[in-house]
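Everything below concerns the one structure shown next.
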């Protein structure tokens with residue numbers, strides 16, 4: 001009885017993992033850019049690159065890699081189990097992560113293309 | 001699981017995280033209005049844009065909270081009306097999850113003209129375009145289902161057609177508004193009015209009316225009038241387009257929204273007259289539907305009317321107790337796959353065919369695989385919830401007009417009714433385990449993470465934590481816009497001994513209540529009550545140490561936004577201390593009456609869970625007030 005319930009939070013987190021990675025990536029870029037613009041260090045550079053584009057790029061790369069792992073894990077689970085809830089939830093995790101992957105690319109672009117606050 | 005159930009699950013999660021920012025915003029606004037704490041007053045370090053953030057942090061997810069149930073209805077109605085399973089079920093469910101999460105990253109696209117940095121605007125613009133992708137997945141799945149099946153000429157199908165065409169138009173103008181330079185031109189014009197009506201009437205009202213015509217037989221045993229439904233739909237569709245299509249043009253011509261009149265000769269007159277005519281046509285369509293409902297919708301009691309030949313379980317024969325027995329299903333279209341299922345259910349050949357305890361009861365299953373876990377005894381018929389609801393409404397409504405005494409009476413009535421009602425509901429294992437059919441025996445009482453009660457407390461904590469997170473956001477937002485004028489920490493904050501004492505008391509209180517859990521046995525109730533009382537004293541001490549330290553240091557909530565936000569954190573903690581004291585007193589009272597023990601322990605488990613959350617929130621508050629000011633700023 002307990003094992004079924006215990007599995008639920010893990011299953012729910014895995015299914016939504018790609019989207020949660022997107023949320024973390026979004027929050028990081030938003031907060032970093034907002035603070036950089038508000039506190040006046042948005043024009044600083046690191047290793048020859050603007051700090052905001054660099055932070056945005058690094059966060060996007062990490063988020064894409066992590067989401068890729070979820071897509072692969074979901075697809076593997078979907079393929080292995082073949083049918084039933086395991087396969088369904090695996091494919092659902094992969095599909096949600098694929099949606100998240102596209103959204104991560106979208107929100108990575110402004111930091112790279114705009115770079116500055118530009119009030 | 002049916003797509004509608006998925007949609008409601010996603011919407012439920014969205015409400016948990018979407019509503020708290022507006023709850024906090026409303027509280028801050030009331031604190032400013034009644035007690036002059038300046039969160040939004042620029043001259044005292046506040047910022048009115050903070051209000052916009054808190055409002056739209058709720059407001060944009062709310063758009064999807066409105067739309068997703070309607071999308072779920074479409075995914076249920078369309079397969080029946082086309083007589084074919086939904087195309088891309090997994091993709092539709094994945095898209096629902098995607099919309100549910102991505103919609104939380106769009107709030108500031110309502111604020112492009114507030115002077116936010118281009119970089120932030122670009123971020124929200126990109127997220128606003130990204131959310132169109134999962135919405136597009138659903139639309140293409142519906143179109144593919146239409147393509148594969150053969151649409152039935154019936155009123156629900158008409159409303160679905162109206163939905164698809166208008167919602168796509170509204171969605172596309174939404175993508176236009178996500179483009180920042182376009183939004184700067186169209187913001188607060190009639191273009192936005194046109195967009196939101198196409199989205200809300202197209203995306204929510206048409207599916208809702210489709211659902212009304214589709215599911216009416218579940219309630220009344222027979223469908224509504226086909227003729228009136230089609231007339232209603234036609235008039236509404238024509239009215240919507242006549243009223244709101246011209247508003248795209250009036251908006252582009254510069255007509256602002258929220259104006260009751262304007263000068264002649266601006267080129268808006270003819271278009272606005274057309275809109276007015278359209279509004280009457282739209283109202284006529286709605287009136288036809290309402291008249292149809294008044295004439296033909298009746299509560300029939302026992303119903304067996306799968307008039308559309310639908311595939312899902314709501315179409316099983318049912319009476320005022322819902323279905324006669326509960327079947328285990330393995331497919332998405334159980335009534336299509338098992339034509340005998342309705343008869344089997346009616347003959348009581350599945351789970352829980354009759355009451356075992358003589359009470360209202362249902363089966364609680366595991367969340368993923370739906371395996372039966374225990375029998376949940378539902379509350380008896382009672383006036384108490386109604387009285388509690390009336391008291392709650394009185395409390396808030398009287399507060400809005402500052403009638404404090406009637407408000408207090410309402411609050412006391414609500415609390416009294418809630419406690420009286422709850423007193424009867426944690427009944428323990430009053431009945432031996434019972435057979436639900438198929439050789440499965442289930443207990444009639446359970447405690448811990450397997451119960452709905454435990455999960456309800458977890459959800460409450462998530463709501464609570466999100467309000468607190470919104471408060472943390474407000475603190476840092478005010479820091480980014482005005483901390484140059486914040487008082488220096490050494491003059492505004494007390495010595496570190498105060499927060500350390502408070503932290504020690506928070507943690508000790510939690511440890512004590514955990515320890516109390518070891519004395520739930522009958523002969524340990526004295527210790528149980530003593531430890532619970534000790535934990536209550538420590539919690540009050542923790543709050544008092546924090547409050548007295550800050551007050552003694554001279555910080556006041558009315559002087560500056562910094563003081564206001566710090567005292568807002570304190571006020572939020574005070575509210576929780578009050579709630580926990582009531583919960584602890586209730587638990588003590590049940591212990592005195594012999595209603596809490598090692599098995600009958602749900603009341604104590606819930607109090608303990610919330611207590612631990614309070615400790616975490618108390619420590620986080622200390623870290624924010626005493627840590628952030630000293631070390632980050």
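FYI, it's all coordinate maths here, none of it is from the lab. Being a predicted model, the structure only gives us computed values, none of them experimental. Ideal geometry is used to build each Cβ from the backbone, glycine not excepted, and the neighbour counts take in all protein chains shown.
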Estimate the FRET efficiency between residue B:403 and residue B:440 by the formula 1/(1 + (r/R0)^6), using the beta-carbon distance for r and 60 Å for R0, to the nearest 0.05.
0.65
Within 10 Å of the Cβ of an average residue in A:93-104, the count of other chain Cβ atoms is 6
Calculated FRET value between residue B:430 and residue B:343, using beta carbons and R₀ = 30 Å, to 0.05
0.30
What does the extension gain come out to for residue B:320 and residue B:523, with contour length at 0.36 nm per residue minus their alpha carbon separation?
68.6 nm
Based on the Cα coordinates of the stretch B:315-457, what is the per residue volume of their convex hull in Å³?
157
What does the stretch B:532-582 give for Rg and for Dmax, in Å, if only its C-alpha atoms count?
12.2, 39
Note: B:365-373 gets an average of partner chain Cβ contacts (10 Å, Cβ to Cβ) equal to 5
Computed Kirkwood radius, in angstrom, where 1/r is averaged over Cα pairs of the protein assembly as shown
29.2
Multiplying the sequence separation of residue B:176 and residue B:253 by 0.36 nm and subtracting their Cα-Cα distance, what value in nm do you get?
26.1 nm
List the residues of the stretch B:1-33 whose backbone N lies under 13 Å from a point placed 7 Å from the Cα of residue B:579 along the Cα-to-Cβ direction.
B:20, B:23-24
Along its principal axes, what span do the Cα atoms of the stretch B:88-174 show, with the longest given first and each in whole Å?
51, 25, 15
Using alpha-carbon positions, the gyration tensor of the stretch B:120-244 gives root eigenvalues a ≥ b ≥ c; with a/c under 1.5 called rounded, otherwise prolate if a/b exceeds b/c, else oblate, the class is prolate
Got a sec? How would B:572, B:147 order by Cβ neighbour count within 10 Å, fewest to most?
B:147, B:572
What FRET efficiency would be calculated for the residue pair residue B:511, residue B:16, taking the C-beta separation as r and a Förster radius of 30 Å, to the nearest 0.05?
0.55
Using Cβ counts within 10 Å as a stand-in for footprinting exposure, how do B:436, A:70 rank, fewest first?
B:436, A:70
Quick check on the stretch B:489-549: take the gyration tensor over C-alpha atoms, sort the square-rooted eigenvalues as a ≥ b ≥ c, and tell me if it's rounded (a/c under 1.5), prolate or oblate.
prolate
re the stretch B:151-214: pairs of Cα atoms spaced beyond 18 Å account for a percent value of 42
Proxy exposure order for B:593, A:117 (fewest C-beta within 10 Å first) is B:593, A:117
So how much slack lies between residue B:113 and residue B:458, counting 0.36 nm per residue of separation and subtracting their Cα-Cα distance, in nm?
120.4 nm
Using helices alone, I'd like the mean residue ellipticity at 222 nm for chain B: each DSSP H run of four-plus residues gives -39500 (n - 2.57), total over residue count, nearest 500.
-22000 deg cm²/dmol
Note: probe point = Cα of residue B:226 + 7 Å toward Cβ; backbone nitrogen < 16 Å; residues of the stretch B:286-325 passing the test are B:306-310
Counting other chain Cβ atoms within 10 Å of each Cβ in A:16-23 and taking the mean gives 4
Hey, if you drop one equal point scatterer on each alpha-carbon of chain A and run the Debye formula without solvent, what base-10 log of I(q)/I(0) do you get at q = 0.14, 0.16 Å⁻¹?
-0.64, -0.75
Could you check the spin-label model distance between residue B:286 and residue B:630? Points 7 Å from the Cα along Cα→Cβ, value in nm.
5.8
For chain B, I need the span (max minus min coordinate) of the C-alpha atoms along each principal axis, in Å, sorted largest to smallest.
74, 74, 44
Quick check: pseudo-label points 7 Å beyond the Cα along Cα→Cβ at residue B:488 and residue B:415, how many nm apart are they?
4.4
For the pair residue B:530 and residue B:480, the simple spin-label estimate (label points 7 Å beyond Cα toward Cβ) gives in nm 5.3
Expressed in angstrom and rounded, the centroid-to-centroid distance over alpha carbons for the stretch B:234-286 and the stretch B:72-115 is 29
Whole-number Å³ per residue for the convex hull built on Cα positions in the stretch B:22-105
86
